[in-house]
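Structure, as structure tokens:
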Amino acid sequence: MFIRFCRFLLMASAMGLLAACAKPDRNFAPPAASEPRPELTAPADIVAALAKGGYILYMRHGETIREQGEIEAKNRETGRFNIEDCTTQRNLSDNGREQARASGVAYRRVGIPVARHISSRYCRALQTARLFADEVELSEALTSEGAITKNPERIKAVQAVLSVQPPPGQNLMLFAHQ
């Protein structure tokens, strides 16, 4: 099964969109030194490509309150961390909420066809997702703790999410914290 994978970063631009996609089919990403230059860089061209569907869009949450990283770590150490309780986690900052709100408005305005919006259960990812879509599915695979590259089961779970073929003319959009 051939899947086009892309990380979708929304930023303030003329259309509010900058998509970053890794090969195999198209590369919209700001290139690393070892990667080819992006094929599409104009926001309108990127939106036109995404409008045709077939992509898995990946978005990381907006800016967070850095000081809460220590609170989250201490809550984990003491067993008080609760994925259902946002007060035990690092959350979006005011700036992060504004970034996500503005990006969500721009995203809805351009009308990229998305069949499913799927989010990590972490509050910062879910808060971001809810500014993009009214209906958001939760994913345990996207709710991983720590680096997924260190856990073979997590790698397989994330690969399974990434291997879902979007319906014709549609995309899937993932919201996560890694």
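The values are calculated or read from the model by the stated rules, or taken from the named source; none is laboratory data. Everything numeric here is computed off the predicted structure, so don't read it as measured data. Virtual Cβ from ideal backbone geometry, glycine too; neighbours counted across all protein chains shown. When the accessible area is computed, the model is the full protein with side chains, heavy atoms only, and any ligands, DNA or RNA have been set aside. Shrake-Rupley method; radii C 1.70, N 1.55, O 1.52, S 1.80 Å.
Per-structure values
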| read-out | value |
| --- | --- |
| Subset of segment 48-69 [among the β-branched types (V, I, T) and under 30 Å from T87 (Cα atoms)] | T64, I65 |
| Test: residue in segment 162-172 that is at pLDDT below 90 and either at positive phi or not in a loop (DSSP other than H, G, I, E, B) (or both) | yes |
| Residue check for A129: at pLDDT 95 or above and either closer than 13 Å to Q178 by Cα or surrounded by 19 or more Cβ atoms within 10 Å (Cβ to Cβ) (or both) | yes |
| Scope segment 51-79; condition open to solvent by 40 Å² or more (accessible area, probe 1.4 Å) and either β-branched (V, I, T) or touching a helix residue (DSSP H, G or I) at 6+ places or on another chain (Cβ under 6 Å) (or both); matching residues | E63, I65, I71, T78 |
| So T87, is it assigned to a helix (DSSP H, G or I) and free of Cβ contacts under 8 Å to residues at least 12 places away in the same chain | yes |
| Selection status of A49, at pLDDT below 85, of a type in the set (A, V, I, L, M) and farther than 21 Å from S144 by Cβ | no |
| Matching option when the condition is surrounded by fewer than 19 Cβ atoms within 10 Å (Cβ to Cβ), among the basic types (K, R), over 20 Å from G54 (Cα atoms) and in contact (Cβ under 8 Å) with a residue 24 or more places away in the chain, among R108, R121, R116 | R121 |
| Odd one out for A160 among (1) loosely packed, with under 14 Cβ neighbours inside 10 Å; (2) free of Cβ contacts under 8 Å to residues at least 40 places away in the same chain; (3) out of contact with any helix residue (DSSP H, G or I) (no Cβ under 7 Å at 6 or more places or on another chain) | (3) |
